[in-house]
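S.K.: Just passing along the structure, written as structure tokens.
The values are calculated or read from the model by the stated rules, or taken from the named source; none is laboratory data. Here the structure is a predicted model, which is why all the values come from computation and not from measurement. Using ideal geometry, Cβ is built from the backbone for each residue, glycine included, and neighbour counts are taken over all protein chains shown.
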Amino acid sequence: MKTIDMQPVESSQIKAIGYDSAEKVLAVQFTRGGEYRYFDVPQEKFDALMEAESKGAHLGKHIKGTHEFQKVDSETVNGATAA
């Protein structure tokens, strides 16, 4: 799985968010640990998430449950440790 550049965000639930526009993959690092990749996420959904006042609520309402996802572990991303 390729590395996605992450941007820190202001959120009680989410530590950082990244997006691969070519692959339409959304990466989310949670404050309590764990990183997840959500697949086939359109650019518009990523933009809306980044603009949302509550990123955790927006993720839960518009992305979780509507997009396939995968939990990322330390061996999954080019041998780098997922934070």
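S.K.: Can you tell me which residue in the range 30-42 is farthest from the chain's Cα centre (by Cα), limited to those that are more than 16 Å from Glu68 (Cα to Cα) and surrounded by 11 or more Cβ atoms within 10 Å (Cβ to Cβ)?
M.R.: Restricting attention to the range 30-42, the residues satisfying the condition of being more than 16 Å from Glu68 (Cα to Cα) are 30-34.
Add one more test, that the residue is surrounded by 11 or more Cβ atoms within 10 Å (Cβ to Cβ), and what stays is 30-31, 34.
Values: Phe30: 9, Thr31: 12, Gly34: 10 Å.
Result: Thr31.
S.K.: Now for a separate question. Which pairs do you get when a residue that is free of Cβ contacts under 8 Å to residues at least 12 places away in the same chain, found in the range 55-69, comes within reach of a residue that is part of a helix (DSSP H, G or I) and buried (at least 16 other Cβ atoms within 10 Å of the Cβ), reach meaning Cβ atoms under 8 angstrom, with the pair 6+ apart or on two chains?
M.R.: Listed by first residue and then by second, the contacts come to His58/Leu49.
S.K.: If you don't mind, there's one more thing I want to ask. Among the residues of the range 49-63, is any modelled with pLDDT of 95 or more and closer than 16 Å to Met1 by Cα? Break it down into steps so the answer makes sense when it comes.
M.R.: Let us first name the residues in the range 49-63 that are modelled with pLDDT of 95 or more, namely 49-63.
Add one more test, that the residue is closer than 16 Å to Met1 by Cα, and what stays is none.
No, because not a single residue in the range 49-63 is modelled with pLDDT of 95 or more and closer than 16 Å to Met1 by Cα.
S.K.: Taking Lys45 as meeting all but one of (1) under 15 Å from Ile4 (Cα atoms); (2) buried (at least 16 other Cβ atoms within 10 Å of the Cβ), write down the number of the exception.
M.R.: For Lys45, the exception is condition (1).
S.K.: Which of (1) exposed (fewer than 13 other Cβ atoms within 10 Å of the Cβ); (2) at pLDDT 95 or above does Gly18 not meet, given it meets every other one?
M.R.: Answer for Gly18: the failing condition is (1).
S.K.: On to the next question. State all residues of the range 1-29 that are within 14 Å of His67 (Cα to Cα) and of a type in the set (A, V, I, L, M, F, W, C); if no residue qualifies, say none.
M.R.: Listed by number, the residues that qualify are Val25, Leu26, Ala27, Val28.
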